[in-house]
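All remarks here apply to the structure that follows.
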Amino acid sequence: MTMRRRAKRGMVGIEAAIVLIAFVIVAAALAFVVLNMGFFATQRSSEVIRSGLGEASTALEVDGSVLAYSALGTKVNYTVIPIKVSPGRSLVDLSPTRASIVYWSTETGSYADIYVAYGYVFKNSSGYYLIVYRPDGTEVTEAAVGSAINLTAIWETLSSSISDSIFATVIWIDSNQDYTKKDTNLELGEKAIVMIVYKSPEVQPTEYQTIKVEVKPPEGATLTVERTMPPGIPRGVIDLG
(Lines give C-alpha, C1' and ligand atoms only; values in the text may rest on other atoms or scores of the structure.)
Protein backbone atom coordinates (compact mmCIF):
# COMPACT_ATOMS: atom_id res chain seq x y z
CA MET A 1 0.00 0.00 0.00
CA THR A 2 2.84 2.39 0.82
CA MET A 3 4.55 1.73 -2.54
CA ARG A 4 1.31 2.32 -4.44
CA ARG A 5 0.74 5.65 -2.70
CA ARG A 6 4.27 6.77 -3.51
CA ALA A 7 3.82 5.76 -7.16
CA LYS A 8 0.56 7.71 -7.39
CA ARG A 9 2.20 10.74 -5.82
CA GLY A 10 5.05 10.52 -8.39
CA MET A 11 2.57 10.37 -11.29
CA VAL A 12 0.64 13.35 -9.93
CA GLY A 13 3.88 15.32 -9.60
CA ILE A 14 4.82 14.59 -13.25
CA GLU A 15 1.35 15.56 -14.48
CA ALA A 16 1.48 18.82 -12.53
CA ALA A 17 4.90 19.56 -14.00
CA ILE A 18 3.59 18.90 -17.53
CA VAL A 19 0.60 21.18 -16.94
CA LEU A 20 2.87 23.88 -15.51
CA ILE A 21 5.22 23.63 -18.50
CA ALA A 22 2.21 23.89 -20.84
CA PHE A 23 1.05 27.02 -19.03
CA VAL A 24 4.54 28.51 -19.32
CA ILE A 25 4.70 27.76 -23.06
CA VAL A 26 1.26 29.28 -23.66
CA ALA A 27 2.15 32.33 -21.58
CA ALA A 28 5.40 32.75 -23.51
CA ALA A 29 3.55 32.48 -26.82
CA LEU A 30 0.98 35.07 -25.72
CA ALA A 31 3.75 37.35 -24.50
CA PHE A 32 5.47 37.06 -27.89
CA VAL A 33 2.24 37.93 -29.68
CA VAL A 34 1.66 40.93 -27.41
CA LEU A 35 5.22 42.17 -27.84
CA ASN A 36 5.07 41.66 -31.59
CA MET A 37 1.81 43.62 -31.80
CA GLY A 38 3.36 46.33 -29.64
CA PHE A 39 6.38 46.62 -31.93
CA PHE A 40 4.12 46.69 -34.99
CA ALA A 41 1.90 49.39 -33.47
CA THR A 42 4.97 51.45 -32.56
CA GLN A 43 6.33 51.15 -36.10
CA ARG A 44 3.01 52.13 -37.64
CA SER A 45 2.71 55.07 -35.24
CA SER A 46 6.18 56.25 -36.24
CA GLU A 47 5.26 55.99 -39.92
CA VAL A 48 2.03 57.93 -39.37
CA ILE A 49 3.89 60.62 -37.42
CA ARG A 50 6.57 60.93 -40.11
CA SER A 51 3.90 61.10 -42.81
CA GLY A 52 1.97 63.74 -40.87
CA LEU A 53 5.07 65.83 -40.32
CA GLY A 54 5.93 65.52 -44.00
CA GLU A 55 2.48 66.74 -45.02
CA ALA A 56 2.52 69.56 -42.47
CA SER A 57 6.02 70.82 -43.26
CA THR A 58 6.56 73.17 -46.17
CA ALA A 59 8.23 71.51 -49.16
CA LEU A 60 9.07 74.83 -50.84
CA GLU A 61 10.00 78.31 -49.72
CA VAL A 62 10.38 81.72 -51.34
CA ASP A 63 13.99 82.37 -52.30
CA GLY A 64 14.20 86.16 -52.37
CA SER A 65 11.90 89.00 -53.39
CA VAL A 66 8.68 88.58 -55.32
CA LEU A 67 8.82 90.78 -58.43
CA ALA A 68 6.24 92.26 -60.77
CA TYR A 69 6.64 93.98 -64.12
CA SER A 70 4.59 96.61 -65.91
CA ALA A 71 5.37 97.44 -69.53
CA LEU A 72 3.26 100.61 -69.68
CA GLY A 73 2.45 101.39 -66.07
CA THR A 74 -0.94 101.15 -64.30
CA LYS A 75 -1.21 97.36 -64.92
CA VAL A 76 1.06 94.40 -64.21
CA ASN A 77 2.08 92.05 -67.03
CA TYR A 78 3.74 89.32 -64.97
CA THR A 79 4.84 88.40 -61.47
CA VAL A 80 7.82 86.22 -60.54
CA ILE A 81 8.22 84.13 -57.39
CA PRO A 82 11.71 82.64 -56.84
CA ILE A 83 11.48 79.27 -55.09
CA LYS A 84 13.77 76.61 -53.66
CA VAL A 85 13.49 73.36 -51.72
CA SER A 86 13.01 73.78 -47.98
CA PRO A 87 15.78 72.57 -45.63
CA GLY A 88 15.36 68.93 -44.69
CA ARG A 89 14.09 67.87 -48.11
CA SER A 90 16.12 66.56 -51.02
CA LEU A 91 13.69 67.26 -53.86
CA VAL A 92 10.13 68.30 -54.71
CA ASP A 93 8.17 66.99 -57.69
CA LEU A 94 6.85 69.97 -59.68
CA SER A 95 5.49 68.13 -62.70
CA PRO A 96 2.36 69.89 -64.04
CA THR A 97 0.59 66.51 -63.99
CA ARG A 98 1.09 66.14 -60.22
CA ALA A 99 1.55 69.66 -58.87
CA SER A 100 -0.83 72.60 -59.30
CA ILE A 101 -0.74 76.38 -59.01
CA VAL A 102 -3.84 78.19 -57.78
CA TYR A 103 -4.32 81.91 -58.36
CA TRP A 104 -6.64 84.36 -56.65
CA SER A 105 -7.03 88.13 -56.70
CA THR A 106 -9.41 90.64 -55.15
CA GLU A 107 -10.59 91.83 -58.57
CA THR A 108 -10.63 88.84 -60.91
CA GLY A 109 -11.54 86.01 -58.53
CA SER A 110 -9.88 82.60 -58.34
CA TYR A 111 -8.46 80.12 -60.85
CA ALA A 112 -8.24 76.47 -59.79
CA ASP A 113 -5.05 75.59 -61.69
CA ILE A 114 -3.10 77.84 -64.06
CA TYR A 115 0.05 75.69 -64.28
CA VAL A 116 0.30 74.98 -68.02
CA ALA A 117 4.02 74.61 -68.83
CA TYR A 118 7.51 74.18 -67.43
CA GLY A 119 10.93 75.01 -68.81
CA TYR A 120 14.64 75.50 -68.35
CA VAL A 121 17.05 78.37 -68.83
CA PHE A 122 20.44 77.05 -69.91
CA LYS A 123 23.65 78.57 -71.15
CA ASN A 124 25.67 77.81 -74.26
CA SER A 125 28.40 79.62 -76.14
CA SER A 126 25.90 82.19 -77.52
CA GLY A 127 24.27 83.12 -74.22
CA TYR A 128 21.20 82.01 -72.29
CA TYR A 129 18.33 80.12 -73.88
CA LEU A 130 14.84 79.18 -72.72
CA ILE A 131 13.16 75.91 -73.66
CA VAL A 132 9.54 75.30 -72.62
CA TYR A 133 7.47 72.11 -72.51
CA ARG A 134 3.80 71.28 -72.15
CA PRO A 135 2.75 68.86 -69.36
CA ASP A 136 2.88 65.95 -71.82
CA GLY A 137 6.51 66.76 -72.70
CA THR A 138 5.93 68.31 -76.11
CA GLU A 139 8.11 71.35 -76.80
CA VAL A 140 6.37 74.71 -76.85
CA THR A 141 9.27 76.95 -77.80
CA GLU A 142 13.00 77.51 -77.61
CA ALA A 143 14.42 81.02 -77.77
CA ALA A 144 17.37 83.14 -76.71
CA VAL A 145 16.84 85.28 -73.62
CA GLY A 146 20.05 87.35 -73.72
CA SER A 147 23.63 87.28 -72.54
CA ALA A 148 22.24 87.38 -69.00
CA ILE A 149 19.02 85.86 -67.65
CA ASN A 150 16.43 88.44 -68.70
CA LEU A 151 13.04 87.93 -67.03
CA THR A 152 11.29 90.25 -69.45
CA ALA A 153 12.69 88.26 -72.40
CA ILE A 154 11.34 85.10 -70.76
CA TRP A 155 7.93 86.77 -70.37
CA GLU A 156 7.89 87.90 -74.01
CA THR A 157 8.77 84.38 -75.18
CA LEU A 158 6.05 82.80 -73.06
CA SER A 159 3.43 85.39 -74.05
CA SER A 160 4.05 84.81 -77.73
CA SER A 161 3.91 81.02 -77.36
CA ILE A 162 1.01 80.36 -74.95
CA SER A 163 -2.48 81.67 -75.64
CA ASP A 164 -4.11 81.39 -72.19
CA SER A 165 -5.33 84.70 -70.76
CA ILE A 166 -3.59 83.92 -67.47
CA PHE A 167 -1.11 81.10 -66.89
CA ALA A 168 1.79 79.98 -64.73
CA THR A 169 5.06 78.30 -65.61
CA VAL A 170 7.87 76.90 -63.49
CA ILE A 171 11.29 77.70 -64.97
CA TRP A 172 14.49 76.06 -63.73
CA ILE A 173 17.21 78.72 -63.79
CA ASP A 174 20.67 77.77 -65.06
CA SER A 175 20.26 74.25 -63.75
CA ASN A 176 23.09 71.73 -63.91
CA GLN A 177 20.70 68.99 -64.95
CA ASP A 178 20.26 67.89 -68.57
CA TYR A 179 17.13 69.72 -69.73
CA THR A 180 16.59 67.15 -72.51
CA LYS A 181 15.62 64.62 -69.81
CA LYS A 182 12.70 66.88 -68.84
CA ASP A 183 13.31 66.29 -65.13
CA THR A 184 10.60 68.10 -63.16
CA ASN A 185 12.10 67.49 -59.72
CA LEU A 186 13.35 70.65 -58.04
CA GLU A 187 16.37 69.41 -56.12
CA LEU A 188 18.18 70.83 -53.12
CA GLY A 189 20.50 73.61 -54.31
CA GLU A 190 18.62 74.27 -57.55
CA LYS A 191 16.88 77.56 -58.36
CA ALA A 192 13.54 78.01 -60.06
CA ILE A 193 10.94 80.70 -60.60
CA VAL A 194 7.16 80.63 -60.80
CA MET A 195 6.15 83.14 -63.45
CA ILE A 196 2.51 84.24 -63.59
CA VAL A 197 1.71 85.80 -66.96
CA TYR A 198 -1.32 88.07 -67.38
CA LYS A 199 -2.05 88.28 -71.11
CA SER A 200 -5.58 89.60 -70.99
CA PRO A 201 -6.05 93.19 -69.72
CA GLU A 202 -9.06 91.98 -67.71
CA VAL A 203 -6.86 89.87 -65.42
CA GLN A 204 -3.86 92.21 -65.12
CA PRO A 205 -3.44 93.41 -61.51
CA THR A 206 -3.76 97.13 -60.84
CA GLU A 207 -2.82 99.35 -57.89
CA TYR A 208 -3.92 98.22 -54.40
CA GLN A 209 -5.02 94.86 -55.80
CA THR A 210 -4.09 91.83 -53.70
CA ILE A 211 -3.03 88.61 -55.37
CA LYS A 212 -2.44 85.18 -53.84
CA VAL A 213 -0.58 82.29 -55.42
CA GLU A 214 -0.63 78.77 -54.00
CA VAL A 215 1.95 76.26 -55.22
CA LYS A 216 0.70 72.77 -54.33
CA PRO A 217 3.25 69.95 -54.68
CA PRO A 218 2.03 66.33 -54.49
CA GLU A 219 3.62 66.00 -51.01
CA GLY A 220 4.15 68.59 -48.30
CA ALA A 221 2.30 71.72 -47.30
CA THR A 222 1.22 74.31 -49.86
CA LEU A 223 3.47 77.31 -50.47
CA THR A 224 1.24 80.39 -50.24
CA VAL A 225 2.45 83.79 -51.46
CA GLU A 226 0.25 86.86 -51.03
CA ARG A 227 1.17 90.37 -52.15
CA THR A 228 -0.58 93.71 -52.63
CA MET A 229 0.21 95.94 -55.58
CA PRO A 230 1.59 99.38 -54.70
CA PRO A 231 -0.25 102.63 -55.48
CA GLY A 232 0.51 104.23 -58.83
CA ILE A 233 2.15 101.23 -60.52
CA PRO A 234 5.24 102.51 -62.35
CA ARG A 235 6.73 101.16 -65.56
CA GLY A 236 9.39 98.50 -65.22
CA VAL A 237 10.23 96.04 -62.45
CA ILE A 238 8.45 96.36 -59.07
CA ASP A 239 9.78 94.79 -55.89
CA LEU A 240 6.82 93.36 -53.96
CA GLY A 241 8.97 92.13 -51.09
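Quick notes on this one:
- When L223 is tested against (1) more than 13 Å from the chain's Cα centre (by Cα); (2) over 17 Å from S70 (Cα atoms); (3) surrounded by 21 or more Cβ atoms within 10 Å (Cβ to Cβ), only condition (1) is not met.
- Only listed residue being of a type in the set (A, V, I, L, M), at pLDDT below 95 and surrounded by 14 or more Cβ atoms within 10 Å (Cβ to Cβ), chosen from I149, I154: I149
- Condition met for K123 (within 21 Å of D178 (Cβ to Cβ), surrounded by fewer than 20 Cβ atoms within 10 Å (Cβ to Cβ), over 17 Å from the mean Cα position of the chain (by Cα) and in contact (Cβ under 8 Å) with a residue 40 or more places away in the chain): yes
- Selected residue [over 23 Å from D93 (Cβ atoms) and modelled with pLDDT under 90] from S165, S125: S125
- So A153, is it closer than 20 Å to V66 by Cβ, among the hydrophobic types (A, V, I, L, M, F, W, C) and over 25 Å from the mean Cα position of the chain (by Cα): yes
- Matching strands (runs of 3 or more DSSP E) fully within segment 93-153 where at least 3 residues are closer than 22 Å to V215 by Cα, assigned by TED's automatic domain parsing to the domain that holds T222 and not small (G, A, S): 100-105, 115-124, 127-133
- Enumeration of residues in segment 71-98 that are out of contact with any strand residue (DSSP E or B) (no Cβ under 7 Å at 6 or more places or on another chain), closer than 17 Å to V116 by Cα and either without any contact (Cβ under 8 Å) to a residue 12 or more places away in the chain or hydroxyl-bearing (S, T, Y) (or both): S95, T97
- When residues of segment 150-202 are limited to those that are touching a residue at least 40 places away in the same chain (Cβ under 8 Å) and in contact with a helix residue (DSSP H, G or I) (Cβ under 7 Å, 6 or more places away or on another chain), the one nearest to R98 (Cα to Cα): T169
- Among the residues here, T184 does not qualify as over 25 Å from I149 (Cα atoms), in contact with a strand residue (DSSP E or B) (Cβ under 9 Å, 6 or more places away or on another chain) and not acidic (D, E).
- When each of S86, S126, S95 is tested for being touching a Leu at 6+ places or on another chain (Cβ under 9 Å), more than 15 Å from I196 (Cβ to Cβ) and among the small types (G, A, S), the lone residue that passes is S86.
The values are calculated or read from the model by the stated rules, or taken from the named source; none is laboratory data. Nothing here was measured: the structure is a model prediction, and the numbers come from that model. Counting neighbours? That spans all protein chains shown, and the Cβs are built from the backbone with ideal geometry, glycine included.
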